[in-house]
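Report on the following structure.
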Ligand SMILES: [Zn+2]
Ligand SMILES: [Zn+2]
């Protein structure tokens with residue numbers, strides 16, 4: 001059976017995402033697009049997961065706890081977990097390693113936390129789109145220590161993509177999956193990796209159509225396939 005996925009979506013917690021990216025809107029749009037499993041990966045934070053999980057459960061959509069972490073090298077890394085508690089533990093450490101710079105919502109956008117009724121309950125103070133002072137290596141061990149997996153995001157993007165920034169993917173990090181943004185990109189030299197295509201949606205309409213899938217008998221198979 002095919003599990004259609006979009007593992008890279010931003011909620012209104014990311015300052016760069018639209019205000020329409022609330023838990024209910026994201027889940028309902030994912031359902032409308034006939035996706036089976038999603039992850040909402042906000043920049044260096046995961047605070048909308050509890051609300052998203054409740055809504056997704058009601059709608060029969062699988063959702064993985066995820067974070068898009070900015071390494072010191074200015075590379076974006078997607079971290080996924082089985083359990084929210086483990087993901088939240090990592091997110092708290094990540095947040096502590098962001099520079100102490102306050103968000104200016106009028107310039108960068110709001111960083112809102114919602115409940116399952118799409119009511120704003122809180123916001124985060126530190127600007128989330130800054131880089132942490134943690135290296136890719138340090139983030140790799142932080143995430144694996146919490147039983148998570150780490151996938152370099154949009155490797156082919158000039159800004160914040162690992163190939164764009166470093167020029168190559170260091171073998172030492174032993175990534176199994178990579179995310180490729182441009183579906184037409186040549187995969188020469190990337191044969192040793194499993195490739196994911198996600199939307200990196202910052203607005204509702206950009207959430208993936210049912211076009212990218214992982215195959216398995218059930219959700220456990222998909223987890224196993226991802227290494228979770
Ligand atoms: Zn990114
Ligand atoms: Zn992103």
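The values are calculated or read from the model by the stated rules, or taken from the named source; none is laboratory data. Bear in mind that the values here come from a model prediction, so they are computed numbers and not experimental data. Heads up, the Cβs are rebuilt from the backbone with ideal geometry, glycines too, and the neighbour counts pull from every protein chain shown.
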Number of the condition not met by residue 82 [criteria: (1) in contact with a helix residue (DSSP H, G or I) (Cβ under 6 Å, 6 or more places away or on another chain); (2) part of a loop (DSSP other than H, G, I, E, B)]: (1)
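Conditions (1) at pLDDT 95 or above; (2) more than 23 Å from residue 143 (Cβ to Cβ); (3) within 15 Å of ligand 1 (Cβ to nearest atom), marked per residue:
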position: 2; (1), (2), (3): yes, yes, no
position: 6; (1), (2), (3): yes, no, yes
position: 13; (1), (2), (3): yes, no, yes
position: 37; (1), (2), (3): yes, no, no
position: 41; (1), (2), (3): yes, no, yes
position: 45; (1), (2), (3): yes, no, yes
position: 48; (1), (2), (3): yes, no, no
position: 55; (1), (2), (3): yes, yes, no
position: 74; (1), (2), (3): yes, no, yes
Considering residues of segment 51-78 that are away from ligand 2 (no atom under 16 Å from the Cβ) and in a helix (DSSP H, G or I) only, the residue farthest from residue 161 (Cα to Cα): 58
Any hit, segment 92-103, residues being touching a helix residue (DSSP H, G or I) at 6+ places or on another chain (Cβ under 8 Å) and more than 13 Å from residue 70 (Cα to Cα): no
Given (1) touching a strand residue (DSSP E or B) at 6+ places or on another chain (Cβ under 6 Å); (2) away from ligand 2 (no atom under 16 Å from the Cβ), index of the condition residue 82 fails: (1)
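Rundown of residues vs (1) touching a residue at least 12 places away in the same chain (Cβ under 8 Å); (2) surrounded by fewer than 11 Cβ atoms within 10 Å (Cβ to Cβ); (3) more than 17 Å from residue 35 (Cα to Cα), yes/no style:
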site: 165; (1), (2), (3): yes, no, yes
site: 171; (1), (2), (3): no, yes, yes
site: 177; (1), (2), (3): yes, no, yes
site: 184; (1), (2), (3): no, yes, yes
site: 191; (1), (2), (3): no, yes, yes
site: 200; (1), (2), (3): yes, no, no
site: 208; (1), (2), (3): yes, no, no
site: 227; (1), (2), (3): yes, no, yes
Tally, over segment 104-136, of residues that are more than 20 Å from residue 39 (Cα to Cα), in contact with a helix residue (DSSP H, G or I) (Cβ under 7 Å, 6 or more places away or on another chain) and not in a loop (DSSP other than H, G, I, E, B): 2
Residue in segment 111-119 that is surrounded by 24 or more Cβ atoms within 10 Å (Cβ to Cβ), under 15 Å from the mean Cα position of the chain (by Cα) and within 16 Å of ligand 2 (Cβ to nearest atom) present: no
Those residues of segment 140-156 which are touching a residue at least 60 places away in the same chain (Cβ under 8 Å) and part of a loop (DSSP other than H, G, I, E, B), in sequence order: 146, 147, 148, 153, 154
